[in-house]
1. If you scan the stretch 150-162, which residues turn out to be surrounded by 17 or more Cβ atoms within 10 Å (Cβ to Cβ) and over 17 Å from the mean Cα position of the chain (by Cα)?
2. Which of the residues that make up the stretch 148-182 are under 30 Å from residue 106 (Cα atoms) and out of contact with any strand residue (DSSP E or B) (no Cβ under 8 Å at 6 or more places or on another chain)?
3. Go through the stretch 61-84 residue by residue and tally those that are in a strand (DSSP E or B) and more than 22 Å from residue 95 (Cα to Cα).
4. Can you find, within the stretch 90-128, the residue that is farthest from residue 146 (Cα to Cα) among those that are touching a residue at least 40 places away in the same chain (Cβ under 8 Å) and part of a loop (DSSP other than H, G, I, E, B)?
């Protein structure tokens, strides 16, 4: 995990330096959001709809529709049925993601497409369970709405985390997030 944080920090510093030297007018936005996280595929067999939280750093140029966004995500999926012993096996998914954003023009609402990838940490919430890290990808749609000095965003993304079949195969889920960008 420490190595993942270092890589994310170095990538962020590089990106900020690159954008500073490449263009004069840049924009930054910090975001926070949350909502529901819907398990899909095999994950929906064992886990039910949970919740998600997102923190984001968006970097762009006002003249261009393309930008980048770094996301930290947290998702919790409760176990569909609780075993006879009463202990739960909720599933937690955290991630550090790098994404490209393409924003369409708009006046009151700006729709956008987001896609990217990163590292996801997956852990079953059970005694002795260990976290495992895997690469995954995500893609989705969203929109931003100006609300005074901040922007509200609403988005939905499909996440697919690559895992070996022996570990249960790919994990797939769709968080639906509402948040604010400052």
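Values quoted throughout were computed directly from the atomic coordinates according to the rules given, and no laboratory measurement underlies them. What you see is a predicted model, and the numbers here were worked out from it, not measured in a lab. A quick note on method: Cβ atoms are made from the backbone with ideal geometry, for glycine too, and the neighbour counts reach across all protein chains shown.
1. 151
2. Listed by number, the residues that qualify are 148, 149.
3. If we filter the stretch 61-84 for residues that are in a strand (DSSP E or B), which is where we start, we get 61, 66-77, 79.
Retained after the next criterion (residues that are more than 22 Å from residue 95 (Cα to Cα)): 61, 66.
Result for the stretch 61-84: 2.
4. 127
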